[in-house]
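As structure tokens, the structure follows; a few thoughts come after it.
The values are calculated or read from the model by the stated rules, or taken from the named source; none is laboratory data. No experiment lies behind these values; they were computed from the predicted model shown. So basically every Cβ, Gly included, is an ideal-geometry build from the backbone, and we count neighbours across all protein chains shown.
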Amino acid sequence: MHRPDDANALTELIPRYVTPGRRYLRLGGGLLRPEVADRAAFLRELSEAASRITDAELGVLLDKGGWRERKTAAWFVAVNGRIRFRDTLGALLLASESPNAGRAYCVALTCLGTEGDAAYLIAYLDRYLLRPDLDYDQSEALGALLCLDEALGTDHATRFIEPRGLWWRFCADIPAGAVVPPPQHAQRFMGQMCALAMESARSGSP
């Protein structure tokens, strides 16, 4: 349980960790664009912030924050490998409260890289591939699971993408106009996101 002054702590943490350099907005696919000239500097600053933030402060961002704070905190976990937050991120992914932070949770779980992280992605897909009306982070979760399968030598994603798997049923039932990437594209994108997190982690190494 957090202290009663967590709301005040959150107010102090946002300008320190979430909004500098529009960090929360820039975390994601936009960093892959070739015209981004300051990516190395941005990732270095991200690494420094991820190393500086305490576990207690991360807990405040994840527990008391909105999607901006939680997205940023998830990237800190991805960069810094703080496995103690696996269950918190997994629970937030499964709650699927908004479409804005789930991708970051998937990035963090992929970077943590264990069977425990895969279990949360599997649980998410089992639940939300049955909910095409909630087209939030299904492709990111599938891409993340495919990345973990490749890293761990497992085949958890196979049952979702086999010819009659839940993935294809989900794709058939999503609202008209929604765009869902093929599984291999989702895997490649999530791999690129994790590569950014790893690049950030390396940039902060002595």
Check your understanding: Quick one: Arg188 ticks every box in (1) of a type outside the set (A, V, I, L, M, F, W, C); (2) surrounded by 14 or more Cβ atoms within 10 Å (Cβ to Cβ); (3) free of Cβ contacts under 8 Å to residues at least 12 places away in the same chain bar one, so which box is it?
Key -> (3)
Check your understanding: Which helices (runs of 4 or more DSSP H) does region 1-103 wholly contain that include 3 or more residues that are under 26 Å from Leu129 (Cα atoms) and out of contact with any helix residue (DSSP H, G or I) (no Cβ under 9 Å at 6 or more places or on another chain)?
Key -> none
Check your understanding: Identify, please: which residue in region 158-200 is of a type in the set (Val, Ile, Thr) and outside any helix (DSSP H, G or I) and is, among those, modelled with the highest pLDDT?
Key -> Ile174
Practice item. Go through region 113-146 residue by residue and tally those that are part of a helix (DSSP H, G or I) and surrounded by fewer than 19 Cβ atoms within 10 Å (Cβ to Cβ). Key: 7
Practice item. Residue by residue through region 54-77, note down the ones that are more than 14 Å from Thr19 (Cβ to Cβ) and β-branched (Val, Ile, Thr). Key: Thr54, Val60, Val77
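Listed here are the residues, each with its yes/no results for (1) modelled with pLDDT under 95; (2) closer than 23 Å to Gly113 by Cα; (3) charged (D, E, K, R).
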{"position": "Met1", "(1), (2), (3)": "yes, no, no"}
{"position": "Arg23", "(1), (2), (3)": "no, no, yes"}
{"position": "Arg33", "(1), (2), (3)": "yes, no, yes"}
{"position": "Ser51", "(1), (2), (3)": "no, yes, no"}
{"position": "Asn80", "(1), (2), (3)": "no, yes, no"}
